[in-house]
Amino acid sequence: MLADALRTTPAGVGETLALVDGLDDALVHGLARLDEDRTAALEDLAAAFAGSPLADRVADSVGKIIAGSVTDEHLIALAGARTALLGAVHDALLTSVDTALGRTRQPWAATTPETTPGLLAGGRSWLRELAIAGWHGVDHELAAAGGQAVAALLADPAQRRLAVLLDGFAGELRAAAPVATLDRIPVRRWADLWTRALLLSQDDYPAFEAAPVSGRLLYLGVDLHEHPTVFQAQVHALLETGGEVRVVRTGVAAAKVDTITGPSVWRMLAGFPVFRAMVTGGTSAEIDGMALTPAGDLIWDEARATSGDAADPITTARVRLGAATLPAVPPLDRHPAMLTTPVLLEGFDLGGGVMVAVDYDRLPAAGPLTPALVDGSTACLGLLRWDGRWSVQPLAVQATVKKKQVTVHSGEWALGPTEAKAAKAEATAGTAVDVLRERAGRLLRK
């Protein structure tokens, strides 16, 4: 059943994404410069919501925007409509996989609105100017205009999420300005960032709180995110609490410089010994009172964790993953690009791509997984993702190497490379890490 779900696109997905593309194209050219084709695209968007709870708001907003009036109220209706369409695609895709695997997923519970009067208005104002001008109209002045709003938001820890999002978005626009000269515009990405920021900048955007949990954390795999100035290790795991088993995520991150790459990035996480020991794939972790969000994100606190018993990730997935309860998906994360669900694939030639394509580009340089190991594997524990088609990002594989079955996974080098050539290269690069850390410490002492 899983193979059928991965090869089949649910009905209506193509038509829904076409509506999103029409709105995104209007944002490229600017809502102040709607021609006949882009006017028709917005009218199609409004028609798609006829009979839904958003019908009147979307129809009224589209009509006013076409007539030349662009207000915050009209834009939030467009952002809500776009999010609803992408959420419907997300839900259809995820439901097909959950059904094929026989999985249970927690529902999303209603949350309490959190109000911050006045502070968010600056961000909304800048986002409105972007929508009116369109990406083609973004110059250096408009790209930089969001700086004041970002500074105000960064001063409030409660608004750090929105502040970082706006800061990153503004940085991309500044780097691309003047956008009209670009050969290619990241249309979907910028529309995603604009939509998410606009929704988060509403005064009554609902917030949710984390609750403390205790139990045993069984490691499945680690997804490594590397940026020139940041490294993050995001773990996917099973949390045993009493008789319940839940799929959760947790992670840690550290700032770095762009010259620190490959296995040496693990040195940036030296302050998390329990986390790193777990990520090597050899042990579980016992947690006591660590905070867990309704979305299944465990907020890692090294002081609340201790190393546990030995636990092999492939064996853990084989025995416990199928019956584990998956977390609810937050409203803003209901997007096809956000789909990441762990799965164990066995009994076929993964390299042949018969069941699902393999995302080799996501194999990290900081771990021992290689395309050859993945292609020759007999079992693969990975993350299912969707980008126009389903693919799997390998986190761990079982393969035969020199006539011996081995398990290799992406976090295996968290405590240092075990392969001789990689260990030598890491030792050389690690010297640079130690020097930079010592210099940074000297500067702070001054």
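Per-residue answers, yes or no, for (1) touching a strand residue (DSSP E or B) at 6+ places or on another chain (Cβ under 9 Å); (2) of a type in the set (V, I, T); (3) farther than 30 Å from L381 by Cα:
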| site | (1), (2), (3) |
| --- | --- |
| A149 | no, no, yes |
| R161 | no, no, yes |
| V164 | no, yes, yes |
| S201 | no, no, yes |
| F208 | yes, no, yes |
| L220 | yes, no, no |
| D223 | yes, no, no |
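For segment 192-206, the count of residues that are part of a strand (DSSP E or B) and over 30 Å from L395 (Cα atoms) is nonzero. Filtered by the rule that a residue be outside any strand (DSSP E or B) and within 30 Å of T95 (Cα to Cα), segment 377-424 gives D387, G388, R389, S410, G411. If you take the residues of segment 360-388 that are closer than 17 Å to A317 by Cβ and among the hydroxyl-bearing types (S, T, Y), which of them is surrounded by the most Cβ atoms within 10 Å (Cβ to Cβ)? Ranking the qualifying residues of segment 360-388, first place goes to S377.
Among the listed residues L23, L85, which satisfies the condition of being in contact with a Lys or Arg (Cβ under 7 Å, 6 or more places away or on another chain) and surrounded by 16 or more Cβ atoms within 10 Å (Cβ to Cβ)? So the residue among L23, L85 that is in contact with a Lys or Arg (Cβ under 7 Å, 6 or more places away or on another chain) and surrounded by 16 or more Cβ atoms within 10 Å (Cβ to Cβ) is L23.
Okay, residues lined up against (1) touching a helix residue (DSSP H, G or I) at 6+ places or on another chain (Cβ under 6 Å); (2) surrounded by fewer than 17 Cβ atoms within 10 Å (Cβ to Cβ); (3) farther than 19 Å from D24 by Cβ:
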| site | (1), (2), (3) |
| --- | --- |
| G146 | yes, no, yes |
| A151 | no, yes, yes |
| A155 | no, yes, yes |
| Q159 | yes, no, yes |
| L162 | yes, no, yes |
| F169 | yes, no, no |
| A175 | no, yes, yes |
| P178 | no, yes, yes |
| V187 | yes, yes, no |
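Note on segment 119-163: enclosed helices (runs of 4 or more DSSP H) holding 2 or more residues that are within 18 Å of D204 (Cβ to Cβ) are 121-133. Residues of segment 325-350 that are over 30 Å from L200 (Cβ atoms) and crowded, with 17+ Cβ neighbours inside 10 Å: V343, L344, L345, L350. Within segment 289-314, residues that are at positive phi and outside the structural domain of G251 (by TED's automatic domain parsing) reach no partner that is of a type in the set (V, I, T) and at pLDDT below 95 with beta carbons closer than 7 Å at six or more positions or on different chains.
Among the conditions (1) at pLDDT below 95; (2) out of contact with any strand residue (DSSP E or B) (no Cβ under 8 Å at 6 or more places or on another chain), R389 misses just one, which is (2). Pairs meeting the criteria (first residue in segment 145-169 and closer than 16 Å to A191 by Cα, second residue in a helix (DSSP H, G or I) and not charged (D, E, K, R), beta carbons under 6 Å, at least 6 apart or on different chains) are L162/L153; L162/L200; L165/A197; L166/G123; L166/V150; L166/A197; D167/V150; F169/L193.
Checking the stated criteria, Q106 turns out to be in contact (Cβ under 8 Å) with a residue 60 or more places away in the chain and within 21 Å of the chain's Cα centre (by Cα).
Considering H74, H90, H136, which residue is within 30 Å of A317 (Cα to Cα) and assigned by TED's automatic domain parsing to the domain that holds A191? Give the steps one after another, and end with the answer.
Values: H74 fails: within 30 Å of A317 (Cα to Cα); H136 fails: within 30 Å of A317 (Cα to Cα).
From the options H74, H90, H136, the qualifying one is H90.
Selection of first residues in segment 318-337 that are within 30 Å of T16 (Cα to Cα) and of second residues that are of a type outside the set (D, E, K, R) and part of a strand (DSSP E or B), restricted to Cβ pairs under 6 Å at least 6 apart or on distinct chains, gives the following pairs, ordered by first then second residue: T325/T104; L326/V247; P336/W386.
In the list A237, A233, A254, A197, which residue meets the criterion of being in contact (Cβ under 8 Å) with a residue 12 or more places away in the chain, in contact with a Leu (Cβ under 7 Å, 6 or more places away or on another chain) and not assigned by TED's automatic domain parsing to the domain that holds P294?
On the way: A237 fails: not assigned by TED's automatic domain parsing to the domain that holds P294; A233 fails: not assigned by TED's automatic domain parsing to the domain that holds P294; A254 fails: not assigned by TED's automatic domain parsing to the domain that holds P294.
Answer to the check: A197.
The values are calculated or read from the model by the stated rules, or taken from the named source; none is laboratory data. Note that the structure is predicted; figures quoted are calculated from it, not measured. Here the Cβ is made from the backbone with ideal geometry for all residues, glycine too, and neighbour counts use every protein chain on show.
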